[in-house]
1. What is the percent carbon and sulfur in the accessible area of region 452-585, measuring with a 1.4 Å probe over the protein chains and ignoring ligands?
2. Which number comes out as Rg/Rh for region 415-565 once both Rg and the Kirkwood Rh are worked out on C-alpha atoms?
3. Run the quick spin-label model on GLU459 and SER227: label points 7 Å from Cα toward the beta carbon, then report their separation in nm to one decimal.
4. Quote the FRET efficiency, to the nearest 0.05, computed for ASP424 versus ASP447 with a Förster distance R0 of 56 Å and r equal to the Cβ-Cβ distance.
5. Kindly work out what percent of the DSSP beta bridges joining two residues of region 487-606 are antiparallel, to the nearest 5.
6. Two decimals, Cα atoms only, Kirkwood Rh: what is Rg/Rh over region 508-603?
7. Given Cβ point charges of +1 (Lys, Arg) and -1 (Asp, Glu) and nothing else, what value in debye, to the nearest 20, does the dipole of region 75-158 about its Cα centre take?
8. What ranking of HIS144, HIS79 comes out by heavy-atom accessible area, probe 1.4 Å, highest first?
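The values are calculated or read from the model by the stated rules, or taken from the named source; none is laboratory data. Since this is a predicted model, take the numbers as computed values, not measurements. No Cβ is skipped: glycine too gets one built from the backbone with ideal geometry, and neighbour counts run over all protein chains shown. For accessibility, only protein heavy atoms count, side chains too; no ligands or nucleic acids. Shrake-Rupley method; radii C 1.70, N 1.55, O 1.52, S 1.80 Å.
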Amino acid sequence: MATTRTSSGFADQVGRVLGDRYRLVAPIGTGASAQVHLADDVRLGRRVAVKVLHPALAADETFLRRFRAEARAAASLSHPNIMAVYDWGDGDGDAPYLVLELLSGGSLRSMLDTGHQLSLSQALIVGLEAARALEAAHRSGFVHRDIKPANLLFGEDGRLRVADFGLARALSEAAWTEPGDGLVGTARYAAPEQASGARVDGKADVYALALVLIEAVTGSVPSVADSALATIRLRADEPIPVPDSLGAIKPVLERCLQPDPTARPDATELVQSLLAAARELDRPSPLPLVGLDLHDDDAASPVDDDATVLPTRATVDMTMHAGGAPVVVEPPRRRWWRWLLALLVLAAIGVGATLLWTASQPPSAVVPNVAGQLVSEAEAAIEAARVAGDEPVEWDVRTKDEFSDGVDAGVVIRTEPAGGTDLDDDSVLTLIVSKGPEPVPVPSLVDIDEATARARIEEAELTVGTVTPEFSETIAAGLVTGWSVDGVEKPPETPKGSPVDFRVSQGPEPRTVPELAGAPREDAAAELEELGLAVDSREEFSDDVEAGLVIGTDPPAGEQVGRGETVTLIVSKGPDLVKVPDVIGKSFSDAYDILVAAGFEVKDRGEGNRVVGTDPEPGTMAKRGSTVTIERRR
């Protein structure tokens, strides 16, 4: 069993949902430019393969423009040997991706990597089916540009499909390059003109397919040098020699590997040449497919080499042997060209009948798969599909709006008839366009706390948006003060899943104590009461502030207090004055004690013990702590 490969630049994406539709289940394989996942189409309930391109490509506008055009065009290709492209995407934060038909038979690359080499008959069948795919694509104007074993895939029935039409052209125009020598993988199979700047047509694909068939039989690619540039130069002037082991198909491949494109056959001639070579070969044994085990949702590993696979060009006898396993019964080996010619005759008869029937039918075109596109993009894709055929058709394109929980407004949900339908000229084609999620009532959040508001929003199938705290003079702290959706206050309804913003009360806004120094007591008190604050007061002496005026506040001006808290006004009583006592006639010592007790500083002048006067004079009002001078005599 092989392990899944990983590559730098790709995060673990298992479980991721692309385009709200494709859930990635398990990686199938990883290369330098893309990672392929087994995925569930949750809308249609089917398994698909999703090819997620390197995330760096999402920022390359040149690549994205080419990718969109090539993806739309590739989705219109319909042929039994071309891998079906169901859908694609490149927006909403996703890396560019393609949704593809799931093929569980593995690739020619995986077959060769497990050591299997093809017989000439097996290689001819692979070449014939690949050439038929190229013939159909070239007729529609498509050149693959990257034919290699990894792009040749098989279904469980062994039928080959060519993958990645259009992707090589988109990647060639990207500014992003693969790590290392970005041309190495392609250069091993590249025609000389692909590096010369010359016009590349379908014969470059024929050249590459011839190299693939040589590798499938011999196990190696001829004329490969140490670098991409050296490989191209090696092939520029001389045809690539084809080993003798290629037997009956050697002359066919030699013509395909001419350096001059004009000397090569085109895909139609290649089909005819391979059919002619089939006359000389035995009927092939079943291809040794290396498939994928898709039964386990959590794994996508290659199956064992001895697992039972459906053979190519062989009959299966489903009778059981003693061990219980089906037995593959090969018919006797014989020349099988007659068998192939018989099939071709039957096919020709069928084609002739089909052409006769078609001639009587109105012209038609295949409806493109435009689900997930904007209406303008969808209309452009429809216009391209309408004129893509041999005869343009006219469709009556209409739109119909529907609510959708999973598709953004303005995006196409589906078409009626569905993408892939062959729609006749002058038919109605309806684009079902999303109006976004269906509206639901917006719940009332009055008088509830934040936790209850969140629960009520989620119960209404809406989401919680931004929660903003705000002050409220009327609503208690912790309760919702209001709500809105997209800026609309308290709407009655809104689309399901919309975010509801709401605000939560923090209680009243704190008040800033104003500057009230110098204001009359009554005015200061009125200003505080107007702010919703309680008022108290106390008086203090002040030498600087007139009595009755405010000296300051407690808390001081500039500090914040809650609504209803108390602010104390400090009111001036004026200076602290004391009457000078009358100590005339008293002894100096008695006079000194009386004046000190009254709050004065005392000095004296003269001699003797009898007080004859004071300065200031007795009865004068003087500031407490000021100096009174005693005059004394003998």
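1. Here carbon and sulfur together make up 47 percent of the probe-accessible area.
2. With Rh from the inverse mean 1/r over Cα pairs, Rg/Rh is 1.42.
3. Modelled inter-label distance: 7.2 nm.
4. With a Förster radius of 56 Å, E is 0.35.
5. Beta bridges within region 487-606, antiparallel portion: roughly 50 percent.
6. 1.29
7. So the dipole magnitude of region 75-158 works out to roughly 460 debye.
8. Descending accessible area places them as HIS79, HIS144.
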